[in-house]
Amino acid sequence: MKRIAPALLLIAAACSVTFYVRQESDTLYFGTAKPDGSSVSEAQWRQFVTEVVTPRFPGFTQWNAVGDWKGTEEAAHVVVIVHEPGREREIQEIIEAYERRFDQEAVFQVREDVWLRRSSQPRAK
């Protein structure tokens with residue numbers, strides 16, 4: 001039994017190893033005020049997300065916010081997408097689609113490296 005104990009300890013440790021994987025996180029800020037004085041409606045925003053964002057990234061987080069652009073307060077939407085490196089083209093496509101569709105000057109983008117925690121422990125059912 002004394003000889004088996006170290007092997008069992010090693011196996012138990014290997015089964016619960018935690019490691020980190022480098023990913024990228026893009027936070028996109030979408031203003032809703034249009035040059036003609038109107039705003040992007042909630043229905044238009046939901047349609048944009050469904051048609052443009054979700055096909056490129058099926059998992060992301062979004063929330064409503066209030067921002068300022070050139071001294072004027074406006075409603076905004078914030079989207080955070082965590083993804084593997086090399087997805088810059090898809091992010092740029094989202095930005096360009098929003099700018100075209102809603103006649104926007106810009107979509108503010110923040111990119112940063114993030115480290116996702118991965119565990120090798122089996123998931124409980």
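The values are calculated or read from the model by the stated rules, or taken from the named source; none is laboratory data. What you see is a predicted model, and the numbers here were worked out from it, not measured in a lab. All Cβ positions, even for glycine, are placed from backbone atoms using ideal geometry, and neighbour counts span all protein chains on display.
From the list Val66, Val82, Val78, which one is touching a Ser or Thr at 6+ places or on another chain (Cβ under 6 Å) and assigned to a strand (DSSP E or B)?
Values: Val66 fails: touching a Ser or Thr at 6+ places or on another chain (Cβ under 6 Å); Val78 fails: touching a Ser or Thr at 6+ places or on another chain (Cβ under 6 Å).
Just a single option satisfies the conditions, and that option is Val82.
Got a number for residues in region 50-89 being of a type in the set (Asp, Glu) and buried (at least 16 other Cβ atoms within 10 Å of the Cβ)?
1
Of all the residues that make up region 95-117, how many are buried (at least 16 other Cβ atoms within 10 Å of the Cβ) and either assigned to a strand (DSSP E or B) or touching a strand residue (DSSP E or B) at 6+ places or on another chain (Cβ under 7 Å) (or both)? Before the answer, list the steps.
Step one: filter region 95-117 for residues buried (at least 16 other Cβ atoms within 10 Å of the Cβ), giving 95, 97-98, 102, 104, 107.
Checking the rest, the ones that are also either assigned to a strand (DSSP E or B) or touching a strand residue (DSSP E or B) at 6+ places or on another chain (Cβ under 7 Å) (or both) come to 95, 98, 104, 107.
Residues in region 95-117 being buried (at least 16 other Cβ atoms within 10 Å of the Cβ) and either assigned to a strand (DSSP E or B) or touching a strand residue (DSSP E or B) at 6+ places or on another chain (Cβ under 7 Å) (or both): 4 in total.
If the Cβ limit is 6 Å and pairs must be 6+ apart or interchain, which residue in region 71-85 that is farther than 15 Å from Gly59 by Cα pairs with which residue that is of a type in the set (Ser, Thr, Tyr) and in a strand (DSSP E or B)?
Ala76/Tyr29
Any residue at all in region 25-33 that's touching a residue at least 40 places away in the same chain (Cβ under 8 Å) and in a loop (DSSP other than H, G, I, E, B)? First the steps, then the outcome.
First, pick out the residues of region 25-33 that are touching a residue at least 40 places away in the same chain (Cβ under 8 Å): 25-33.
With the extra rule that they be in a loop (DSSP other than H, G, I, E, B), the set shrinks to 32.
Yes; the residues of region 25-33 include at least one that is touching a residue at least 40 places away in the same chain (Cβ under 8 Å) and in a loop (DSSP other than H, G, I, E, B).
For Pro58, only one of the following conditions fails: (1) outside any loop (DSSP other than H, G, I, E, B); (2) closer than 28 Å to Arg22 by Cβ; (3) out of contact with any Leu (no Cβ under 9 Å at 6 or more places or on another chain). What is its number?
Of everything listed in (1) outside any loop (DSSP other than H, G, I, E, B); (2) closer than 28 Å to Arg22 by Cβ; (3) out of contact with any Leu (no Cβ under 9 Å at 6 or more places or on another chain), Pro58 misses just condition (1).
For region 34-51, does any single residue satisfy the condition of being closer than 20 Å to Arg22 by Cα, modelled with pLDDT of 95 or more and not polar (S, T, N, Q)?
Keep residues of region 34-51 that are closer than 20 Å to Arg22 by Cα, which gives none.
Among the residues of region 34-51, not one is closer than 20 Å to Arg22 by Cα, modelled with pLDDT of 95 or more and not polar (S, T, N, Q), which makes the answer no.
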